[in-house]
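Please read the structure below before turning to the comments.
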Amino acid sequence: MSIKNIVIVGGGFGGIYTYKTLRSLSLPRDVKLTLIDQKNHFLFTPLLPEVAMGGLDQHNVVEPLREIIQGRDTFVQGTLKQISETEKKIILEDGSEISFDVLILGLGAKTFFFNTPGAEEFSFTLKSLDDAVVLRNHTIDIFEEASRENNSQLKEKLLRFVIVGGGPTGVELAGEAADFMFSTLDKLHNNIHKKEIDIVLVNAAPKLVGMFQEKLQSYAQLALRKVGVRVLNGVMVTGVDAEGIVFKDGTRLDSKTVVWAAGVSPQSFVCETLRFDKGRVCVNESLQTKEHKNIFVVGDMSFIENPEAKIYPQTAQVAKQQGIHTAHNIKNLITDKNLLPFVYKEKGLLASLGRFDAIAQIKNFTFTGFFAWFLWRTIYLFNFASWKKRLRILSDWTLGFFTKRDTSRL
Ligand SMILES: Cc1cc2nc3c(=O)[nH]c(=O)nc-3n(C[C@H](O)[C@H](O)[C@H](O)COP(=O)(O)OP(=O)(O)OC[C@H]3O[C@@H](n4cnc5c(N)ncnc54)[C@H](O)[C@@H]3O)c2cc1C
């Protein structure tokens, strides 16, 4: 196959690692790489809960994509609308067209609301940098409003912070929220007492963070309870409105803040011949679509169709490994070698539980408490691409030991 034009759509974990690995593989000089993303930055999602709760400056968890791409390669800021696989071109929302010989799709996922009435309209989400900033501003606003409120029922509703979803995002956000509200916001508002703040983590599953070993699930539950988070396990939310949530049994929990941290679904674009399963694009074991051998799919949006293959979790680790693997396979395609099947090597699982606490599961070892938290921070810091951002995050974290979280409304 003659390959001159490689186009990567999506500058997230999957797309960026495909790009970086391709660049390190000494491709023929006439091969052109184009990276396309609707945003002009790469977002380090694992640190979003900290941004949303004033622990990190939002600028420090993103890297400009133009600083990542090298030399003659092109970056295009644009949103994929359609793929015309027969004409080997993609069409962006502004109508511009970009041709490809090989296309890599790594568009990630968006929040899925399980068709819960009102959830999309009335919940906050935590998928993008904008989401984190909006949630941070809203949290600061409700404390301002609550501090002026004399009606106890309204004050209760303002100071109740509901998170739906007991996976890593929900758990990490709950831990961060507890630290932000109980150690910073309550101290800045004389007429708000700790006892009036109610952080509720609503989880449909019987235990939190189901992918971790059972003892770590129990640890996470206990740790969150200790810092003041109310955990409701085995509870289904069937509706969300402007005044709170409704449970399956018809009871309600009033709140002015509902964060939906449960479920992901694919990004929308048009491509008539690709097949989807459970909302992800079906690919073979080499991450190629079965219909078009020159289209690869990596990260959250790819689904390996093989009854024996595991369904890989939608995590940055999987996306990164798939990106690296796909780059090697594309090199094989260029040099007429066989493509290799993707095999995921899990390096471990980590989840932060707020200040100085976390759970970690690495091979057969498990860690909790301060050591796990230190591990979590160190591993994420070194996963960040540039030294500039690593140093800035380190400085934010170091300052965080001695100072309150940032409560300036942006
Ligand atoms: C709050 C939060 C915390 C998380 N914590 C962890 C964690 O601790 N550990 C872990 O392993 N995973 C974590 N994850 C999951 C992890 O972020 C994802 O699994 C990973 O980002 C998937 O990589 P990806 O390349 O598939 O997609 P993404 O990294 O989401 O990248 C997709 C890219 O595609 C772009 N895009 C989307 N649609 C279009 C379009 N139509 N046109 C052009 N560009 C488009 C987006 O702008 C984005 O840059 C977390 C996720 C969230 C939301």
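Take segment 101-149 and flag every residue that is of a type in the set (D, E), in contact (Cβ under 8 Å) with a residue 40 or more places away in the chain and within 15 Å of the ligand (Cβ to nearest atom).
D131
Among (1) crowded, with 21+ Cβ neighbours inside 10 Å; (2) in a loop (DSSP other than H, G, I, E, B), where does A220 come up short?
(2)
Please specify each residue of segment 94-112 satisfying the condition of being at negative phi, assigned to a loop (DSSP other than H, G, I, E, B) and out of contact with any helix residue (DSSP H, G or I) (no Cβ under 9 Å at 6 or more places or on another chain).
Of everything in segment 94-112, those that are at negative phi, assigned to a loop (DSSP other than H, G, I, E, B) and out of contact with any helix residue (DSSP H, G or I) (no Cβ under 9 Å at 6 or more places or on another chain) turn out to be D94, S96, F100, D101, F112.
Only one of (1) under 30 Å from T366 (Cα atoms); (2) over 24 Å from the mean Cα position of the chain (by Cα); (3) assigned to a loop (DSSP other than H, G, I, E, B) fails for V209. Which number is that?
(2)
Please determine whether any residue of segment 393-406 is part of a loop (DSSP other than H, G, I, E, B) and touching a Ser or Thr at 6+ places or on another chain (Cβ under 6 Å).
Looking for residues that are part of a loop (DSSP other than H, G, I, E, B) and touching a Ser or Thr at 6+ places or on another chain (Cβ under 6 Å), one finds at least one in segment 393-406, hence yes.
If you go through segment 378-399 one residue at a time, how many are free of Cβ contacts under 8 Å to residues at least 40 places away in the same chain, more than 19 Å from L349 (Cβ to Cβ) and of a type outside the set (A, V, I, L, M, F, W, C)?
Going through segment 378-399 one residue at a time, the tally reaches 4.
Within segment 329-343, does at least one residue satisfy the condition of being open to solvent by less than 20 Å² (accessible area, probe 1.4 Å) and under 21 Å from the mean Cα position of the chain (by Cα)?
No: segment 329-343 contains no residue that is open to solvent by less than 20 Å² (accessible area, probe 1.4 Å) and under 21 Å from the mean Cα position of the chain (by Cα).
On the basis of being under 23 Å from P28 (Cα atoms), assigned to a strand (DSSP E or B) and within 16 Å of the ligand (Cβ to nearest atom), does F296 make the cut?
So F296 fits the description; yes.
Select from segment 8-23 the residues that are under 26 Å from L129 (Cα atoms) and either within 6 Å of the ligand (Cβ to nearest atom) or open to solvent by less than 10 Å² (accessible area, probe 1.4 Å) (or both) and list them in ascending order.
I8, V9, G10, G11, G12, F13, G14, G15, I16, T18, Y19
Pairs, please: C-beta under 7 Å, at least 6 apart or cross-chain, first residue surrounded by fewer than 16 Cβ atoms within 10 Å (Cβ to Cβ) and in segment 267-284, second of a type in the set (F, W, Y) and at pLDDT 70 or above?
Pairs that qualify, where the first residue is surrounded by fewer than 16 Cβ atoms within 10 Å (Cβ to Cβ) and the partner is of a type in the set (F, W, Y) and at pLDDT 70 or above, are D277/F303; K278/F303.
Hey, any hits in segment 67-79 for a residue that's within 8 Å of the ligand (Cβ to nearest atom) and closer than 22 Å to T315 by Cα?
There is no residue in segment 67-79 that is within 8 Å of the ligand (Cβ to nearest atom) and closer than 22 Å to T315 by Cα.
Identify, by number, the condition in (1) out of contact with any helix residue (DSSP H, G or I) (no Cβ under 6 Å at 6 or more places or on another chain); (2) open to solvent by 10 Å² or more (accessible area, probe 1.4 Å); (3) modelled with pLDDT of 95 or more that M181 doesn't meet.
(2)
Sort out which residues of segment 77-93 are part of a strand (DSSP E or B), farther than 14 Å from N5 by Cα and not small (G, A, S), and write them in order of number.
Matches in segment 77-93: Q77, L80, K81, Q82, I83, I91, L92.
Got a number for residues in segment 243-289 being out of contact with any Asp or Glu (no Cβ under 6 Å at 6 or more places or on another chain) and assigned to a loop (DSSP other than H, G, I, E, B)?
Number satisfying all stated conditions: 23.
So, in segment 140-187, how many residues would count as being farther than 28 Å from F112 by Cα and assigned to a helix (DSSP H, G or I)?
17
Can you confirm whether segment 18-38 contains a residue that is within 17 Å of the chain's Cα centre (by Cα) and touching a residue at least 60 places away in the same chain (Cβ under 8 Å)?
Within segment 18-38 (the criterion being within 17 Å of the chain's Cα centre (by Cα) and touching a residue at least 60 places away in the same chain (Cβ under 8 Å)), the answer is no, since none of the residues qualifies.
For segment 24-63, how many residues are more than 12 Å from the ligand (Cβ to nearest atom), in contact with a strand residue (DSSP E or B) (Cβ under 7 Å, 6 or more places away or on another chain) and open to solvent by 20 Å² or more (accessible area, probe 1.4 Å)?
Qualifying residue count, segment 24-63: 1.
Answer yes or no as to whether K89 is open to solvent by 30 Å² or more (accessible area, probe 1.4 Å), free of Cβ contacts under 8 Å to residues at least 60 places away in the same chain and more than 11 Å from the ligand (Cβ to nearest atom).
Yes.
Every residue in segment 225-239 that is open to solvent by less than 50 Å² (accessible area, probe 1.4 Å) and either farther than 30 Å from V281 by Cα or in a loop (DSSP other than H, G, I, E, B) (or both), please.
G228, V229, V231, L232, N233, V235
Scanning for something of a type in the set (V, I, T) and modelled with pLDDT of 85 or more, does segment 266-285 turn up at least one residue?
Scanning segment 266-285, I find at least one residue that is of a type in the set (V, I, T) and modelled with pLDDT of 85 or more, so the answer is yes.
The values are calculated or read from the model by the stated rules, or taken from the named source; none is laboratory data. As the structure is a prediction and not an experimental result, all values here were calculated from the model. Cβ coordinates were reconstructed from backbone atoms using ideal geometry, including for glycine residues, and neighbour counts include every protein chain displayed. Note: accessible area is taken over every heavy atom of the protein model, side chains too, but ligands, DNA and RNA are not part of it. Shrake-Rupley method; radii C 1.70, N 1.55, O 1.52, S 1.80 Å.
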